[in-house]
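Novice: Dropping the structure in here first, questions after.
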Amino acid sequence: MHFRRVRSGLGLLFAGGALLLAGACSAGGSSGDTVLAERLLRLGEAAGTKLEVKSGELPPDLKTVLNPSATKDTPAAELTSIPVYPGAKLQGSFRMERPDGTIAYFLLYDAAAKSEDVEPALAKLVNESPWQTVGGQSTDAVAALRFQSTTSGDVSGTVAIQPVNTGAGAAALTSIIYIVEVEPSAPPQAEPYVLPTARPVPDGFPAGFILDGMTPIGVQWAAAPQGKQYQMRLLTKQSSLDVTDRYRDAFKNDGWTLVSDNARGFATQLEFEKDGGVSQASVSVDAFSDDPAYTEVALQLGLAR
């Protein structure tokens, strides 16, 4: 099961998108709030991710996804559902479908109770068949429990419990957010790869290291007192042998020294240095995993001031 995306995004989710949607779904919320929450949840997602928002409703296909073998005659008591804290009020939901076929459901509830009472009750609920807990964390700011289905290896989730600041003297209120991920039983058919628009190149990057016919598809950079660091992924339809030879020449012509030249399978790794070893660079050339018609270059460049 893939928990990494959910875990890494919990802080952003709690502080931003999900809580904003809860406000949008409750009385006085606006469509603008919902749009802002949707934008936050899209951060870090692939461009082809589909997102559907439901105010005050569960995603319409959640019951079917949790019960793929059920029929119209299946008794309600035999249907799998997400265990909800007693009396909690549904505020709304997100349904997020990623290009790899994974579906993530975000279910938002409010409970008129203290978080310290909600947490142990939910810990018990998500550890009863057909669910079992597999991990968790708890602080005074937020608690989270990870759980998975005991009947399907494709279904897992996280439930987060967070107190809501309602002001002095007001009744206690706790936000409960479920993130349920369902992996596809079979991966979707891969679409033909389409070369994306070239990413902007940061100021100061030596333009001569982006060779003719290459498209930057990923760029990272950082500035520090000792210099600048660049990481770049580039694609080209030139052969890996031609690309490797061209980079050897490009760095040599710019005054760099080749200190390592290693072939690893079909890949080649080049290491260069300059300025007495203070400036360093590496170039990795290999077939592009998403489309073998392209050659991928992973370029790392550290330039001393």
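The values are calculated or read from the model by the stated rules, or taken from the named source; none is laboratory data. These numbers were taken from a predicted model, which means no experiment stands behind them. Positions of Cβ are generated from backbone atoms using ideal geometry, with glycine treated the same way; all protein chains shown enter the neighbour counts. What goes into the accessible areas is simple: the full protein's heavy atoms, side chains included, and nothing from ligands, DNA or RNA. Shrake-Rupley method; radii C 1.70, N 1.55, O 1.52, S 1.80 Å.
Novice: State the number of residues belonging to the range 270-285 that are free of Cβ contacts under 8 Å to residues at least 24 places away in the same chain and farther than 26 Å from GLN238 by Cβ.
Specialist: 2
Novice: Looking at (1) open to solvent by less than 50 Å² (accessible area, probe 1.4 Å); (2) farther than 30 Å from GLY135 by Cβ; (3) touching a helix residue (DSSP H, G or I) at 6+ places or on another chain (Cβ under 8 Å); (4) small (Gly, Ala, Ser), which one does SER260 not meet, given that it meets all the others?
Specialist: So SER260 meets the others, but not (3).
Novice: For the range 216-223, indicate whether the set of residues that are β-branched (Val, Ile, Thr) and either assigned to a loop (DSSP other than H, G, I, E, B) or modelled with pLDDT under 90 (or both) is non-empty.
Specialist: no
Novice: Considering (1) of a type in the set (Val, Ile, Thr); (2) in a strand (DSSP E or B); (3) under 33 Å from the mean Cα position of the chain (by Cα), say which one VAL243 fails and leave the rest.
Specialist: Here VAL243 clears every test but (2).
Novice: How about the range 156-174: which of its residues are open to solvent by 10 Å² or more (accessible area, probe 1.4 Å) and assigned to a strand (DSSP E or B)?
Specialist: The answer is GLN162, PRO163.
Novice: With (1) of a type outside the set (Gly, Ala, Ser); (2) surrounded by 11 or more Cβ atoms within 10 Å (Cβ to Cβ); (3) part of a loop (DSSP other than H, G, I, E, B) as the list, and LEU40 as the residue in question, which single condition is left unmet?
Specialist: In the conditions (1) of a type outside the set (Gly, Ala, Ser); (2) surrounded by 11 or more Cβ atoms within 10 Å (Cβ to Cβ); (3) part of a loop (DSSP other than H, G, I, E, B), LEU40 misses (3) alone.
Novice: If you take the residues of the range 90-135 that are basic (Lys, Arg) and surrounded by 14 or more Cβ atoms within 10 Å (Cβ to Cβ), which of them is farthest from the chain's Cα centre (by Cα)?
Specialist: Initial filter on the range 90-135 (basic (Lys, Arg)): 95, 98, 114, 124.
Checking the rest, the ones that are also surrounded by 14 or more Cβ atoms within 10 Å (Cβ to Cβ) come to 95, 98.
Details: ARG95: 15, ARG98: 10 Å.
Selected residue: ARG95.
Novice: Given the conditions (1) farther than 25 Å from PRO192 by Cβ; (2) within 33 Å of the chain's Cα centre (by Cα); (3) of a type in the set (Gly, Ala, Ser); (4) at pLDDT below 95, and given that SER282 satisfies all but one, which numbered condition is not satisfied?
Specialist: (4)
Novice: Can I ask one more? Does the range 223-237 contain at least one residue that is open to solvent by less than 20 Å² (accessible area, probe 1.4 Å) and either in contact with a helix residue (DSSP H, G or I) (Cβ under 6 Å, 6 or more places away or on another chain) or among the hydroxyl-bearing types (Ser, Thr, Tyr) (or both)?
Specialist: yes
Novice: Right, another one. Take ALA70 and decide whether it is within 19 Å of GLN148 (Cβ to Cβ), surrounded by 14 or more Cβ atoms within 10 Å (Cβ to Cβ) and without any contact (Cβ under 8 Å) to a residue 60 or more places away in the chain.
Specialist: No, not satisfied.
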